[in-house]
Every structure is written in structure tokens, then in C-alpha cells.
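Visitor: Got a structure here, written out as C-alpha cells. Questions coming.
The values are calculated or read from the model by the stated rules, or taken from the named source; none is laboratory data. Keep in mind it's a predicted model, so treat the numbers as computed, not measured. Here the Cβ positions follow ideal geometry from the backbone for every residue, glycine too, while neighbour counts run over all protein chains shown. The protein model used for the area step is the full one, side chains on, heavy atoms only, and it has no ligands, DNA or RNA in it. Shrake-Rupley method; radii C 1.70, N 1.55, O 1.52, S 1.80 Å.
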Amino acid sequence: MDGRLLLLLLLLLLRASGPQGQGPGTGGPEEAPPEEDGVLVLNRHSLGGALQEHPALLVEFYAPWCGHCKALAPEYSKAAALLAAESAKVRLAKVDGPSEPELTKEFAVTEYPTLKFFRAGNRTHPEEYTGPREAQGIAEWLRRRMGPSATRLQDEEDAQVLMESRDVVVIGFFQDLQDEDVATFLALAQDALDVTFGLTDQPQLFEKFGLTQDSVVLFKKFDEGRADFPVDEELGLDMGDLSRFLVTHSLRLVTEFNSETSPKIFGARILNHLLLFVNQTLAPHQELLAGFGEAAPPFRGQVLFVVVDVAADNGHVLQYFGLRAEEAPTLRFINMETTKKYAPVAGLPLTAASVAAFCQAVLGGQIKPYLLSQDVPPDWDQRPVKTLVGKNFEEVAFDETKNVFIKFYAPWCTHCKELAPAWEALAEKYKDHEDIVIAELDATANELEGFPVHGFPTLKYFPAGPGRKVIEYRSNRDLESFSQFLDSGGELPAAEPSEPAAPVPVGARGPVIRGQRRGGRLGGRGAGCSPAGVRVPSQEPPANSTARKDEL
């Protein structure tokens, strides 16, 4: 072939694969990814380009069927709008996880929604999102990563303006702003979104606030007004110690329980809570609040004092403690880790001295916890599915002549409702077997010593014979599998379970206090649609799944 003709053909090929042809390897502009309500919609082809174009990118991996994702969607869009209005150099994006298995595998997505924050196009080390689920919180989390997380204070006027801006303000006083303690302080400020932070190295401000060494000072418009955290001159600033200090002192000595304060109560990391139940529409009840508050200061950091108004929308709290509104005023003590509950002697007068004494007696192990139990229904054994409560559980479950199969459920749980027909059919099938009992127990209204329930429904099998043996059933939830299990004497069916129990976060020893998510945060995995193991489902959520106790 003539050399000139060959050159001409090569030029024509290059032109065909150029920007107009959008051929591979041309370096031509990629098509911009679509947007939905200000949020970029990405896939495996467009993610790389978006990371290069946007130096700060928050990406949500979601599933179309996920209820938590649907609840997050409007807040996520509002956050995008807030940041766009500020011309912030950060974008929000989303990826349909089930449709992009390569990306979910690459970024180790094991539940929905999962949010990851990418900086400077770094695809290999994104930061896990640990902020709230609402628009302002999402925007603030990103602001603190894009700009300084604490305001630099130069003089008394700066300090005064900052202190007047919020009920709780934290100021770091450091003689050298290049010290590593400052980096620790700023890192903590990035995530403590409920608190406004400032820092200074100005000697006049050290003198103004009576400080002679590096310190972190919490200023508040209630209770003591101020709390100091001196920096250890040898060990430096410990983030864990400082975090506990801020959480402890940013809460009021007495907090009223409501939808606004509950995230702070459960996020306080103070495990012991003392609750005063009162009817605040009654003057005699209101008079008890002063004595309750007087008892609180010595227990700061050890016991959280909470007021629950029985006249407000707090029926779920009463239910959790097995109380009726008419029983107020009264006290209850709970350890949030063990969920053990304690009650004072009936008729105890509620004074500052008696409240403090009750509190001290519980902490000292002088009072035994109580367990909730409904009364045994008179017809508890008349239906094929027997009704168990705390008071008759032991005698039925550990009857050495019976094989007892129990469903632990929650009345509000959709998974439990879906299981109900199969459970009823199982009981009907075996109703004439003298040695087999099919039963159920409402685990939100009955507590059992030594039998924690971590998800709904939970199925346990108590075989006949001595030894108090217990087998947890973890297999398919259908009549055939249940029957095979019973007929084999408690051997699990060979078939692989279609859905193992979903992991359960801290959070639900019942439908109440723990039912509030900790601060509404995603980072703690307080709520999410969790696939089986690390497998990401491709379409619909499996039917044989387990409800988390905080999904109310």
C-alpha cells in the first residue's frame, strides 16, 4: 500500500475515535453523571470521574427497597441544597448498591445505607461517615471536615461572641497552636456536632479566664456554668478522656425525657440512669423536682438523672418499666448495659436524701433488680400455640418431659407477623403430640434471667430431659423445616438457611428507651438494612430476616 494512503487511513481512524466519536483512550470529556434533587447519581463507570472532578465527595450506597434509605433520601437532598447555597466545595452523591456489586465489594458495603467520604480523589481510603441522619447534621459534619472545626479566638470580644452563640461552648486554651494536643482537640471537634468549639493561644485570654496551663474549658448557660479540663503536662491530651469529660458536663444535671433529648441521653455513655416519673400537670408532683435535682450533683458522670412526664407522650417508657401512669410519682433505676431495673421500697417519700440513698443503695449492690412479667393468662394453654410470660416460663420451658419450641417476638415486629401463620400451622400439626409444646412469649413485656433476646423473632428449642439444654434455631422459617427440626429431635435441617439473623446494634431491650437510636448516627450502625453476612442482596430483602429491636 502507498505510504501516503496508509497515513491518510490512520488519520481518518484517529478522527473517528476522537471527541466526536467518544472512543476509548481519547481523553475526551466524559458525559456528566445525572442528578436527582441535587445529588449526583453514580455507577461504576462514573464514580472515578466524579472523584477526580470533586475534591470532596460524600457517597451514599443505598438499596431501593431499604426503608432506612428511603427515610434518609429527603434529608440527604436537603443537605445537598444547604451546601450548594453556601457554595461549599463538596458534593453529595449516591450509588444503587444492589445494581453495582463491583462497587459494594470494592468499598466493603455490608449494609444500607452506608456513606463514605472521599477526599482529593483518594479512592482507596475513604472516611466512614459517622454523622447524623438529618440535613443540618449531614451538612455540619461535612463543614467541619472542609474547614476549621474550631473558631480561632484573638481577643475577649471574640470569646464573648462565641460563648453567647450557644448554650454549650468549648474553648481550647493552648500556648502553642502547633502542639500535637491541638490536633487532638480539632479532631474531636470534627465529630462533636452538638457543640461549638473555639481555640486560642492569646495570653490575655488565659489571664481573663484564670488559666495558667493548657486547658479545655466547657462553658454552659446552666447548672455550674463552667467545667475545666487541664491538659496533662506529661501525657498530653487524651481524646477518650476529653470526650467523656465533654459528654458528662454538656448534659444538664437533670434532663427531661422527650424526642429532642433522648438521643443525647442514650449517647451520653453514662450507663446508669435514674428516672423520676411525675405528672407535671400536678403541682405536688412539680414540687418533687427540686429535691430530685438537689440529689444529682454528687452522681454527675456516674448516674444520669432523668425526668419522665407521664402526662406527655411517654407511654412507651412506662410500658418498658412495667408502670402505669397512676403509679407516679415514683423512681426507677436502670443500667443500660445489663438492662437490669431497680425499684425503691413502695411508699418511699421522694426527698433529696431518699433519692440519693436509693441511688447509692443500687450502686452498692444492696437492692436486687426486678424482672418484668405479665400475668399468666387463664387460657394460656388452651390454644395450639401456648402463651408464655415471665411467671410461667421456667416451669414450661424446662419441663423435663416435654420438648418445647418457643418463639420470642415483639408485637410491632413485621418479621414476627410474617412468621405467625407458619408458627400456628406448626402448633396445629403437633397439638396431639404429648411431648411437644409450641409456644410464644412477648419479649417486650416479659424479661427472663439469663435469656437475652437480641432480635425478633428469636426461636429457641428446649429439649426434654435434665440439664436445662437450649438450642437456638437458625434455619429456614417454614412449616417443612420446623417439622424436620422437631422430628429429628432438635437437629437443624441440612438446608442452608436463606437468611441468618441480622446483627443487632445496641439498642433494644424492648420498645422504649433503647429504641431511640444513639444520636441518630449512622456511624454506630444504629440502624441499617443488613444483608446476609457480607453478601449484598441483588433485589428484594429476604423474607426470613430478623428485626432489629430498634426498628420501631
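Visitor: Among all residue pairs at least 6 apart or on different chains, which show Cβ distances below 7 Å where the first residue, located in the stretch 206-217, is touching a residue at least 40 places away in the same chain (Cβ under 8 Å) and the second is of a type in the set (Gly, Ala, Ser) and open to solvent by less than 60 Å² (accessible area, probe 1.4 Å)?
Guide: Partner pairs satisfying both residue conditions: VAL216/GLY172.
Visitor: If you don't mind, another one. Do the conditions hold for VAL59, that is, is it modelled with pLDDT of 95 or more and buried (at least 20 other Cβ atoms within 10 Å of the Cβ)?
Guide: yes
Visitor: Counting just the residues of the stretch 203-217 that are surrounded by 18 or more Cβ atoms within 10 Å (Cβ to Cβ) and among the aliphatic types (A, V, I, L, M), which one comes out farthest from TYR129 (Cα to Cα)?
Guide: LEU205
Visitor: Can HIS285 be described as open to solvent by 10 Å² or more (accessible area, probe 1.4 Å), in a helix (DSSP H, G or I), more than 30 Å from ALA227 (Cβ to Cβ) and at pLDDT 95 or above?
Guide: yes
Visitor: Would you pick out the residues in the stretch 26-45 that are open to solvent by less than 90 Å² (accessible area, probe 1.4 Å) and either at pLDDT 90 or above or not β-branched (Val, Ile, Thr) (or both)?
Guide: Across the stretch 26-45, the qualifying residues are GLY27, GLY28, ALA32, PRO33, PRO34, GLY38, VAL39, LEU40, VAL41, LEU42, ASN43.
Visitor: Look through GLU157, GLU134, GLU140, GLU164 and report the one residue that is farther than 16 Å from SER215 by Cβ, touching a residue at least 24 places away in the same chain (Cβ under 8 Å), open to solvent by 60 Å² or more (accessible area, probe 1.4 Å) and not small (Gly, Ala, Ser).
Guide: GLU134
Visitor: So THR414 passes all but one of these: (1) under 25 Å from GLN319 (Cβ atoms); (2) among the hydroxyl-bearing types (Ser, Thr, Tyr); (3) open to solvent by less than 20 Å² (accessible area, probe 1.4 Å). Which condition number does it fail?
Guide: Against the list (1) under 25 Å from GLN319 (Cβ atoms); (2) among the hydroxyl-bearing types (Ser, Thr, Tyr); (3) open to solvent by less than 20 Å² (accessible area, probe 1.4 Å), THR414 comes up short only on (3).
Visitor: Please tell me if THR200 is open to solvent by less than 40 Å² (accessible area, probe 1.4 Å), within 29 Å of the chain's Cα centre (by Cα) and polar (S, T, N, Q).
Guide: The answer is no for THR200.
Visitor: Hey, any hits in the stretch 429-440 for a residue that's surrounded by fewer than 19 Cβ atoms within 10 Å (Cβ to Cβ), at pLDDT 95 or above, of a type in the set (Gly, Ala, Ser) and touching a Phe, Trp or Tyr at 6+ places or on another chain (Cβ under 8 Å)?
Guide: Scanning the stretch 429-440 turns up no residue that is surrounded by fewer than 19 Cβ atoms within 10 Å (Cβ to Cβ), at pLDDT 95 or above, of a type in the set (Gly, Ala, Ser) and touching a Phe, Trp or Tyr at 6+ places or on another chain (Cβ under 8 Å).
Visitor: Sticking with this one: For the stretch 71-95, give me the residue count where each residue is open to solvent by less than 50 Å² (accessible area, probe 1.4 Å) and aliphatic (A, V, I, L, M).
Guide: Result for the stretch 71-95: 10.
Visitor: Only one of LEU363, LEU388 is farther than 25 Å from VAL278 by Cα and at pLDDT 95 or above; which?
Guide: It is LEU388.
Visitor: Select, from ALA80, ALA88, the only residue that is at pLDDT below 95, out of contact with any helix residue (DSSP H, G or I) (no Cβ under 6 Å at 6 or more places or on another chain) and among the hydrophobic types (A, V, I, L, M, F, W, C).
Guide: ALA88
Visitor: Output the number of residues of the stretch 143-154 satisfying the condition of being in contact (Cβ under 8 Å) with a residue 40 or more places away in the chain and either open to solvent by 30 Å² or more (accessible area, probe 1.4 Å) or closer than 17 Å to ASP214 by Cα (or both).
Guide: 7
Visitor: Still on this structure, I have one more. Name the single residue that is surrounded by the most Cβ atoms within 10 Å (Cβ to Cβ) among those in the stretch 233-258 being among the small types (Gly, Ala, Ser) and touching a residue at least 24 places away in the same chain (Cβ under 8 Å).
Guide: Ranking the candidates gives SER250 first.
Visitor: Give just the number: which of (1) modelled with pLDDT of 95 or more; (2) under 25 Å from ALA189 (Cα atoms); (3) out of contact with any strand residue (DSSP E or B) (no Cβ under 9 Å at 6 or more places or on another chain) does LYS116 not satisfy?
Guide: Exception for LYS116: condition (3).
Visitor: Can you list the helices (runs of 4 or more DSSP H) found entirely within the stretch 167-262 that contain at least 2 residues being modelled with pLDDT under 95?
Guide: The helices (runs of 4 or more DSSP H) meeting that bar are 180-191, 239-250.
Visitor: Then there is this: Which of the residues that make up the stretch 182-195 are surrounded by fewer than 20 Cβ atoms within 10 Å (Cβ to Cβ) and either under 15 Å from PHE229 (Cα atoms) or under 25 Å from the mean Cα position of the chain (by Cα) (or both)?
Guide: Selection gives VAL182, THR184, LEU186, ALA187, GLN190, ASP191, ALA192, ASP194, VAL195.
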